[in-house]
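Read the figures in this text as sums done on the coordinates, not as results from a lab. For clarity, every value in this text was computed on a predicted model and none was experimentally measured. Cβ coordinates were reconstructed from backbone atoms using ideal geometry, including for glycine residues, and neighbour counts include every protein chain displayed.
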Amino acid sequence: MTTNVRRAVDAAPLVHEGDLPPARLFVGGKFLDSSSEQYTDVIDPCTERLIARIPDGTVEEVDEAVAAALAVKEEWARLVPKERSEVLHAIADRLADHADLLVRLEAANTGKPMSVAQDDVSSTIDTFRFMAGALRATTSLAAGDYAEDHLSVILREPLGVVGVVTPWNYPLLMAAWKLAPILAAGNTLVLKPSEQTPLTTLKLAELVADLLPPGVLNVVTGTGPVVGARLAEHPDVAMIALTGSVNSGRAVARTAAESLKRVHLELGGKAPVVIFEDADLKAAAAALRVASFWNSGQECGAACRILVHASVADRFVEELVREVGELVVGDPQSGEDVEVGPLVSKAHFDRVLGYLDRAQSAGARAVIGGGALEGTGYYVAPTVLVDVAEGSEITREEVFGPVVTVETFTDEDEAVRRANGVPVGLAASVWTESARRSHSVAARLDSGTVWVNSHLVLANEVPWGGFKGSGYGRDLSVYALDDYSRTKHVMHNHSR
Ligand code: NAD
């Protein structure tokens, strides 16, 4: 079976000079030139052409941004919920007014299909709207006498300045998942986007600059080991929140330990998909067409590790290969029906191909795909690997590309053991028609999210985050508001 590839020949560029954000740092409400002489090239992964050159900020520039955030932390924290809520609604409205531009910028910088970029932008707007509402409706322990003659009042306070580090797979959406609850909870922040995909974050800062007091939101572009590490280290930063790989999470947590600041980590995944013999195999295959290949599989919750009951494995693989064979691969301009784009960078493309080569040399067999697609751009064919050995590299490490592995099991205990047998635990799914199994297996899986007869469906009302090596802390929902707040107990002695 061959892959359906679509390329827009001689298409007009997705973005023009005037669409780009300033190639500068956003500090204290203004765009400033960086003193750095180092730049990172921002490349369109479809055309391999340069889009922009963005400065790599310095330690001193991080310190300036933290000082700006610190200077306004009380002013922002003092606003009553209604006032902060109105600002968040205004941000959502402003982003909605510029949704088309944000979609084009995101698609140009990441190569993702327009449908994925549109979903990112509409989800970003909804994140701000949800947090604007949720911040006015939080509850906690009622004030009351819990010790004789002493009235206890629980205050929920902002943490102060939060340092945020975001990845390249959903540049705008991951920024919003942090920004919205952090601002809603009354904190100020300094955000470092991925050096590869800073455009929509800088554009967001430009678009909302007049809606926030100067200094509440600051963006310092640059590398992880310089800008990210300084945020993790800075004594005036109360929390460092990072979405990224396990290694970056570990580096940040190690640095943060020095000042004992809080750490919030959304890290990698290797989501198992456990398909029992009673599952609706057609429905599972159709769902995985999306859940495994959305964003070219560059998705921390991607359904990448299929464990299917041996008695239905052949039938399931047949259904899956049919779905994968119908995927439309191409660049964002080649049609609204494109489902899979390129990988984000040459380095990541080489990394994914390395995994594919090693897996195939070790005996895995690609029933579809298996390597790069010809031509310009960092395209890898949607791939299904079978005959993979239990515990082999491809079944344990996060590939972060359009690649799924299929393994088989023979009983429920084995399925659970193997699903849990990796060091990360972000997401998982269980496919069964059995009511008992749909609960008991879901309860036994070590994953922050478990879907039953579904995979990769998210909503702002419900939490997202991992167990084990996938980190700790929750994005989305009121749980994120809790994570970005601190609890203070004030006790009044009222005895006479
Ligand atoms: P990455 O870890 O390479 O980079 C993420 C961010 O961390 C970047 O901004 C980078 O500059 C920064 N960074 C790197 N080293 C650092 C250091 N020493 N100190 C501070 N910051 C540092 O990850 P990536 O390749 O951009 O993104 C892909 C990874 O993100 C995958 O592992 C994916 O699973 C994970 N991810 C997780 C979630 C989630 O919700 N759990 C969501 C999206 C992505």
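Structural remarks
- Note on K73: no lysines have a C-alpha under 16 Å away, same-chain residues under 8 apart excluded.
- Partner aspartates and glutamates whose Cα lies under 15 Å from the Cα of K178, excluding those fewer than 8 positions away in the same chain, are identified as D120, D126, E266, E461, D475, D482, D483.
- Taking Cα centre as origin and charging only the Cβ of basic (Lys, Arg, +1) and acidic (Asp, Glu, -1) residues, the dipole magnitude of the chain rounds to 860 debye.
- With distances taken between every two different alpha-carbon atoms, segment 305-357 has a Kirkwood hydrodynamic radius of 13.7 Å.
- Farthest positive-ward along segment 272-459 dipole, Cα basis, beta-carbon charges - from V399, V388, V328: V399
- For the peptides 346-354, 479-487, 42-50, the ranking by mean Cβ contacts within 10 Å, running from highest to lowest, is 479-487, 42-50, 346-354.
- In the chain, the calculated helix contribution to ellipticity at 222 nm averages -11000 deg cm²/dmol per residue, counting -39,500 (n - 2.57) for every DSSP H run with n ≥ 4.
- Principal axis box of segment 73-173, alpha-carbon based, largest edge first, Å: 63, 25, 24
- Packing, taken as the mean count of other beta carbons within 10 Å per residue, orders the peptides 176-186, 230-240, 147-157 from highest to lowest as 176-186, 230-240, 147-157.
- Residue among A435, H150, N4 farthest towards the positive dipole end of the chain, charges placed on Cβ: H150
- Each residue of the chain gets 151 Å³ once the volume of the Cα convex hull is shared out per residue.
- Summarising the amide proton neighbourhood of S429: residues at separation of 5 or more, or on other chains, whose placed amide H is nearer than 5 Å comprise V273, V274, W451.
- Derived scalar couplings ³J(HN,Hα) [segment 198-215; Karplus, 6.51 cos²θ - 1.76 cosθ + 1.60; whole Hz; x for Gly, Pro]: x, 5, 6, 5, 5, 5, 4, 4, 5, 5, 9, 3, 7, 8, 10, x, x, x
- Annotation for segment 289-349 versus segment 396-463: alpha-carbon center distance of 17 Å.
- Taking only the C-alpha atoms of segment 272-459, Rg followed by Dmax gives 15.7, 50 Å.
- Our coupling estimate for segment 412-428, obtained by passing each phi through the Karplus curve with A = 6.51, B = -1.76, C = 1.60 and θ = phi - 60°, is 4, 4, 5, 4, 5, 4, 6, 4, 7, x, 10, x, 10, x, 8, 8, 7 Hz, Gly and Pro reported as x.
- Annotation: amide H-H contacts under 5 Å for V308 (H modelled 1.01 Å from N, sequence separation of 5 or more, or interchain): I275, E407, T408, F409.
- Along segment 152-166 the Karplus relation, 6.51 cos²θ - 1.76 cosθ + 1.60 evaluated at θ = phi - 60°, assigns HN-Hα couplings of 9, 10, 9, 9, 9, 10, x, 7, x, 8, 10, x, 10, 10, 10 Hz to successive residues, with x for each Gly and Pro.
- Placing unit charges on each Cβ (+1 for Lys and Arg, -1 for Asp and Glu) gives the chain a dipole about its Cα centre, and among H348, F130, V208 the Cα reaching farthest toward its positive end belongs to F130.
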